[in-house]
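Have a look at the structure below before the remarks.
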Amino acid sequence: MRIAMVAPEAVPYAKTGGLADVVGALQRGMNIKGHDCSMFLPCYERIQNNHDIKQILSGLRVNVGDRTYYYNVFSLDGAYFIANDFFFNRSGLYGDSRGDFPDNAERFAFFCKAVLQTQSTLGIDPEIYHVHDWQTGLLPFYLYQESSYEHDARSVLTIHNAGYQGVFPPSAMTSIGASKEHFGIDSLEFHGNISLLKAGIVYSDSVTTVSPTYAREITETSLGYGLEGLLSAKGVKGILNGIDYDLWDPSTDTSIHINYDVGKRSKGKSACKKHLCKILDMNDPALPVIGVIGRFSWQKGYDIIAGSLTKIISMGFNVVILGSGDLEIERSLRDIAVKFPGRVSVNIGFNDALARNIYAGSDLFLMPSRYEPCGLAQMIAMSYGSIPVVRHTGGLADTIKDHRPSRSSGTGFIFRKDDSISLLRCLGRALKAYNDRTVWQRLTKNSMMKRFTWDYAIDQYIDVYSSENRVSMN
Ligand code: ADP
């Protein structure tokens, strides 16, 4: 099958979160399975600076509304980069320290139109456009709307997080080139504004999301953030993400202190833990270490972590945190770290090597998310033998099996309520298991042996691409 994977980020080129891992792995997996899958990304500053991309087309023009934009196309290994310096030669992908870029609607409208317009010049002629999240939600709209494009092509939208909807004021209708008739409830309008995610849902042929439980949550509960009715009417298939075990393997990872596999996990993890404690000035490597990595946000439950940290320390855990995001959460985490030197380490920023050292050197990995479409971090943690402690939601519910003393098949610890008491109780269960060497050995073995490969997910996506569920808007 000929597929164009169109996304705002993908590894190894640009990453702010799990979406990038998923898109990169999907493209690679599709090609390994014999499909012809190309990838389209905006040509951000970091891609121009860090990758040996080659310019293959120049001086192209595309009209969006009454504006004409010029662009070039670069390429590397089956990926194509749409370059317009005004829109994409910035250090942030979607914003900077002042917040989201105010021209995000124009930036991604331009990107979607340029991708569609470039296909015939490149001779790609895709059968499927697979788009991801609100940034590419306009592509199905343009594909549906403009008869000049290849109309046999279908589009599939994958929602990686329904909480981010690409909402802009009605005035953005002009800058994305949408006529007035589309400012209505059955088209782009969303509570008096427009939503680019909604555009993708309405005009794509099929909608998927990244775990079966999250598919239920966004169609049946308020986790659809106002789109649950539309999503339920459209139908959403939940396809559980995998992780790329070539990239997340403690036996080959060059960023960690020493390599280990499931057979050598005790020795390997203990050496990696000592190293982690040393580089982060933690004062007692004998204590169990909890790792936390991710975006500091309400969604991820970081406020629950901040509110529980003092008690977590008094239970006898050390805690290592890496991430950035909400400034208030950042400040409260830093304040606690100052009070507990050598027991809590808070590291602000995006640091792939440190993340890998935390996965390898921690005993437990905490994700108290209020909602979690899929979550990759818990699967990565499992691969490195760090036992997940998670809230029962979305992909966390689909990937972790709760440890019960009477069962031997557990892979982690699950709690249900989004509050400190439930989190601390769950950590109490984890501590008890940690202190029993036989139980802990079994848990780490179960976790490291659990595999979430892409193979099955890719077959499911191919099924979706092949289904006859064509869009039927009037
Ligand atoms: P998200 O909702 O942010 O996409 P996921 O769990 O699906 O969360 O994926 C997060 C990915 O980003 C994982 O690969 C994780 O290791 C990585 N990551 C998140 N924050 C950081 C950080 N501050 N530094 C390095 N890697 C990070």
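Of the residues making up region 10-20, those that are more than 10 Å from the ligand (Cβ to nearest atom) and either farther than 23 Å from residue 462 by Cα or part of a loop (DSSP other than H, G, I, E, B) (or both) are 12, 13, 14.
Applying the set (1) among the aliphatic types (A, V, I, L, M); (2) away from the ligand (no atom under 11 Å from the Cβ); (3) in contact with a strand residue (DSSP E or B) (Cβ under 8 Å, 6 or more places away or on another chain) to residue 360 leaves exactly one unmet item: (3). Restricting attention to region 388-409, report how many residues are modelled with pLDDT of 95 or more and more than 20 Å from the chain's Cα centre (by Cα). Within region 388-409, residues that are modelled with pLDDT of 95 or more and more than 20 Å from the chain's Cα centre (by Cα) number 3. Of all residues in region 363-380, those satisfying the criterion of being in contact with a strand residue (DSSP E or B) (Cβ under 7 Å, 6 or more places away or on another chain) and within 9 Å of the ligand (Cβ to nearest atom) are 367, 369, 373, 375, 377, 378.
Just so you know, in region 1-43 the residues that are touching a Lys or Arg at 6+ places or on another chain (Cβ under 7 Å) and at pLDDT 95 or above include one that is surrounded by the most Cβ atoms within 10 Å (Cβ to Cβ), and it is 9.
Considering each residue of region 363-375 in turn, none proves to be surrounded by fewer than 24 Cβ atoms within 10 Å (Cβ to Cβ), assigned to a helix (DSSP H, G or I) and in contact (Cβ under 8 Å) with a residue 24 or more places away in the chain.
Restricting attention to region 342-357 and to residues that are of a type outside the set (Ser, Thr, Tyr) and away from the ligand (no atom under 12 Å from the Cβ), the residue that is surrounded by the most Cβ atoms within 10 Å (Cβ to Cβ) turns out to be 344.
Being part of a strand (DSSP E or B), among the polar types (S, T, N, Q) and within 16 Å of the ligand (Cβ to nearest atom), is that true of even one residue in region 157-166? Among the residues of region 157-166, at least one is part of a strand (DSSP E or B), among the polar types (S, T, N, Q) and within 16 Å of the ligand (Cβ to nearest atom), which makes the answer yes. Return yes or no: is residue 202 in contact with a His (Cβ under 8 Å, 6 or more places away or on another chain), under 19 Å from residue 140 (Cβ atoms) and of a type in the set (Val, Ile, Thr)? Spelling it out, it is not the case that residue 202 is in contact with a His (Cβ under 8 Å, 6 or more places away or on another chain), under 19 Å from residue 140 (Cβ atoms) and of a type in the set (Val, Ile, Thr).
The values are calculated or read from the model by the stated rules, or taken from the named source; none is laboratory data. Fair warning: this is a prediction, and the values are worked out from it, not measured in the lab. Backbone-built Cβ (ideal geometry, glycine too); neighbour counts: all protein chains shown.
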